[in-house]
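Below is one structure, written out as structure tokens; the observations come after it.
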Amino acid sequence: METRMLPVGIEDFVEMRTDNFYYVDKTSFMTTLLRNRGKASLFTRPRRFGKTLTMSMLKAFFEIDRNHEELFTGLEIAEEIALCAEHMNRYPVIFLTLKSVEAEDFAGALARIGVQIANECGRLSFLAQSSGGAPRDLRDFEALLMRTATPQQLEDSLRTLTRLLEAHYGQKVVLLIDEYDVPLDKAFHKGYYDKMISFMRLFLGEALKTNEALKFAVVTGCLRISRESIFTGLNNIRTNTITSKLHSEHFGFTDSEVRKMLDEYNLSSSYGDLRAWYNGYRFGDSDVYCPWDIINHASELLANPNIRPRCYWNNTSSNNMVQLFIDKADDTTRNEIEDLIAGKSVAKVITENLTYGELDDTIDNLWSVLFLTGYLTRTQDPMGLQSEPVNLVIPNLEIREIFIEKIRKWFMERLNNARIQEDLCRLYRALLDGDCETIEEVLHDQLRATISYFDNYENYYHGFLTGLLLGGAWSLKSNRESGDGRSDLILVASDGSAGIVIEIKHAKKAEDIPVMCELALAQIDKKRYQDAFLVNRVKQIRVYGITFWKKTCGVIAAPVIDTRGG
């Protein structure tokens with residue numbers, strides 16, 4: 001049997017099934033949807049959990065004038081014979097994705113929405129010659145198709161299309177809107193949210209509210225639609241979020257689905273790594289993996305069996321929500337972030353019906369956003385009442401890396417603060433003078449002011465000290481070959497007059513700090529790290545052993561090495 005290709009970047013169901021890509025069967029989604037749907041159904045999930053592929057699957061299943069029965073052969077939905085006979089390829093379909101609607105201002109965003117509408121009109125271009133459509137609708141359709149539509153025509157475009165399709169086929173329409181909230185997210189971060197929310201209230205509200213041409217609609221996004229902000233008066237929308245048990249296994253890969261995929265490609269030995277890096281999301285009562293990560297890493301493993309897991313989710317769009325969260329973090333929040341990175345949980349009350357305008361009103365709202373968008377998940381504890389706290393954790397190693405990366409960036413930005421610059425000058429002067437007491441004082445202040453995590457040990461403190469010293473005027477080299485090994489940090493004064501060698505250790509308990517400092521100095525001497533300066537004619541060499549334990553440290557120095565006598 002020919003091995004199927006892994007669908008890296010493939011989000012079209014027809015392409016996936018036609019071109020023999022590996023497909024994880026999620027067609028039971030339609031069985032559950034049709035037996036539990038409302039007039040409009042909203043599904044909110046984090047990005048890269050298969051929302052677009054699911055919508056593409058719905059389009060292939062429902063779209064009239066298509067014969068897609070073969071695409072579903074062998075899949076779970078094919079076993080529902082009566083359901084398929086009633087619904088498969090029976091409805092006109094409008095499929096609109098808003099995931100690419102990103103612009104610096106409202107006019108640009110509106111133009112991008114116009115492009116998406118025009119593309120769908122192009123797919124439905126036969127409507128221009130349809131005899132059943134009202135003259136006004138046909139005029140509006142022509143304007144939408146040619147991208148000359150007014151804002152008012154764009155606002156009513158979905159209703160226009162549903163009316164024309166119903167008139168042409170004599171059948172009510174299925175409306176699919178993918179990533180509805182991307183334009184709102186971009187508008188929120190770019191400063192034109194009020195204009196965008198006013199447009200979306202009419203654009204979506206008019207299509208879903210009292211629209212007689214509509215059979216039903218399915219809408220996806222990351223955050224829940226607030227009825228007050230968009231669908232005022234719309235009472236027939238059914239919302240399915242990451243806390244809902246219904247459809248909990250339909251977005252994301254279950255453990256058994258991941259094992260089955262790995263078995264097919266002879267990658268079962270990598271199961272442990274993939275589980276640690278990409279599992280951990282709790283949707284309803286199901287534990288799921290991020291599909292984007294699994295497919296990308298499995299594909300790379302086929303090319304290089306020794307490749308280690310890495311972040312894929314991080315690079316698919318911005319991490320603005322994490323940045324907002326970090327910007328609002330006070331001392332209490334920073335301590336909670338430390339607990340999360342260390343593998344602990346924090347208890348927070350989750351609000352699911354926030355509007356974008358409320359996201360950064362309080363740090364409590366941002367905790368909810370991080371949960372709803374996949375940066376945090378809940379433990380396996382059962383969900384209580386909405387007013388009860390939920391135990392939140394970082395789902396896996398990938399998201400942990402995102403937190404660490406953003407926290408380091410936040411810390412580096414703090415170095416621009418005038419007081420930080422003053423402390424940095426004190427630190428460099430103390431390093432040059434052999435003033436261990438001042439070095440400890442400055443480092444203590446910085447450790448207390450920033451975020452740390454304690455299970456990466458020396459690696460974290462190495463990064464912490466590197467980030468701090470990079471803000472100065474000296475040349476800094478990290479893990480550079482020197483003598484008989486690699487020293488942790490080497491600094492050289494800009495005029496070449498002085499050099500500093502630092503070896504970093506991590507103590508398991510506070511009382512070990514002095515001993516570990518001595519071991520650091522002994523390592524420098526044994527490995528002759530200071531030899532790096534001899535060829536550069538550095539006049540004075542300072543050598544330090546620095547040991548960290550949680551948010552404190554110890555510093556000792558060896559006697560200064562003066563090379564001028566030689």
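Here are the numbers for the structure shown:
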item	result
Given (1) open to solvent by less than 60 Å² (accessible area, probe 1.4 Å); (2) free of Cβ contacts under 8 Å to residues at least 60 places away in the same chain; (3) within 20 Å of the chain's Cα centre (by Cα), index of the condition Ala298 fails	(2)
Matching strands (runs of 3 or more DSSP E) fully within the stretch 450-566 where at least 1 residues are surrounded by 19 or more Cβ atoms within 10 Å (Cβ to Cβ) and at pLDDT 90 or above	498-506, 540-549, 552-557
Residue list for the stretch 113-137, restricted to those being surrounded by 13 or more Cβ atoms within 10 Å (Cβ to Cβ) and among the charged types (D, E, K, R)	Glu120, Asp137
Close pairs from the stretch 538-553: first touching a residue at least 12 places away in the same chain (Cβ under 8 Å), partner crowded, with 19+ Cβ neighbours inside 10 Å and among the acidic types (Asp, Glu), Cβ under 8 Å, at least 6 apart	Tyr544/Glu503; Gly545/Glu503; Ile546/Glu503
Of all residues in the stretch 167-179 being assigned to a helix (DSSP H, G or I) and open to solvent by 60 Å² or more (accessible area, probe 1.4 Å), the one that is farthest from Met55 (Cα to Cα)	His168
Selection status of Glu63, modelled with pLDDT of 95 or more, charged (D, E, K, R) and open to solvent by less than 20 Å² (accessible area, probe 1.4 Å)	yes
Inter-residue pairs, beta-carbon under 7 Å, first free of Cβ contacts under 8 Å to residues at least 24 places away in the same chain and surrounded by 17 or more Cβ atoms within 10 Å (Cβ to Cβ) and in the stretch 81-106, second part of a helix (DSSP H, G or I) and not acidic (Asp, Glu), 6+ apart	Cys84/Ile77; Cys84/Ala78
Every pair of residues 6+ apart whose Cβ atoms lie under 8 Å, when the first sits in the stretch 176-202 and is within 30 Å of Phe61 (Cβ to Cβ) while the second is part of a helix (DSSP H, G or I) and of a type in the set (Val, Ile, Thr)	Asp178/Thr52; Glu179/Thr52; Pro183/Ile113; Leu184/Ile197
Given (1) in contact (Cβ under 8 Å) with a residue 24 or more places away in the chain; (2) under 16 Å from Leu6 (Cα atoms); (3) of a type outside the set (A, V, I, L, M, F, W, C), index of the condition Ser268 fails	(1)
Qualifying position, being in contact with a strand residue (DSSP E or B) (Cβ under 6 Å, 6 or more places away or on another chain), among the aromatic types (Phe, Trp, Tyr) and modelled with pLDDT under 95, among Tyr180, Tyr193	Tyr180
So Met16, is it assigned to a helix (DSSP H, G or I), over 24 Å from Arg282 (Cα atoms) and open to solvent by less than 20 Å² (accessible area, probe 1.4 Å)	yes
Residue check, Asn279 open to solvent by 10 Å² or more (accessible area, probe 1.4 Å) and farther than 16 Å from Asn396 by Cα	no
Matching residues in the stretch 15-29 - criterion: being under 27 Å from the mean Cα position of the chain (by Cα) and either of a type in the set (A, V, I, L, M, F, W, C) or over 17 Å from His297 (Cα atoms) (or both)	Glu15, Met16, Phe21, Val24, Asp25, Lys26, Thr27, Ser28, Phe29
Meets criteria (surrounded by fewer than 20 Cβ atoms within 10 Å (Cβ to Cβ), touching a strand residue (DSSP E or B) at 6+ places or on another chain (Cβ under 7 Å) and modelled with pLDDT under 90) for Gln386	no
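The rows are residues; the columns are (1) open to solvent by 60 Å² or more (accessible area, probe 1.4 Å); (2) in contact with a helix residue (DSSP H, G or I) (Cβ under 9 Å, 6 or more places away or on another chain); (3) closer than 24 Å to Trp277 by Cβ.
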residue: Gln323; (1), (2), (3): no, yes, yes
residue: Ile326; (1), (2), (3): no, yes, yes
residue: Asn335; (1), (2), (3): yes, no, no
residue: Asp339; (1), (2), (3): no, no, yes
residue: Gly343; (1), (2), (3): yes, yes, yes
residue: Val349; (1), (2), (3): yes, yes, no
residue: Asn365; (1), (2), (3): no, yes, no
residue: Leu370; (1), (2), (3): no, yes, yes
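The values are calculated or read from the model by the stated rules, or taken from the named source; none is laboratory data. Here the structure is a predicted model, which is why all the values come from computation and not from measurement. Don't worry about glycine lacking a Cβ; one is built from the backbone with ideal geometry, like all the others, and counts go over all protein chains shown. Please note that ligands, DNA and RNA were not included when accessible areas were found on the heavy atoms of the full protein model with its side chains. Shrake-Rupley method; radii C 1.70, N 1.55, O 1.52, S 1.80 Å.
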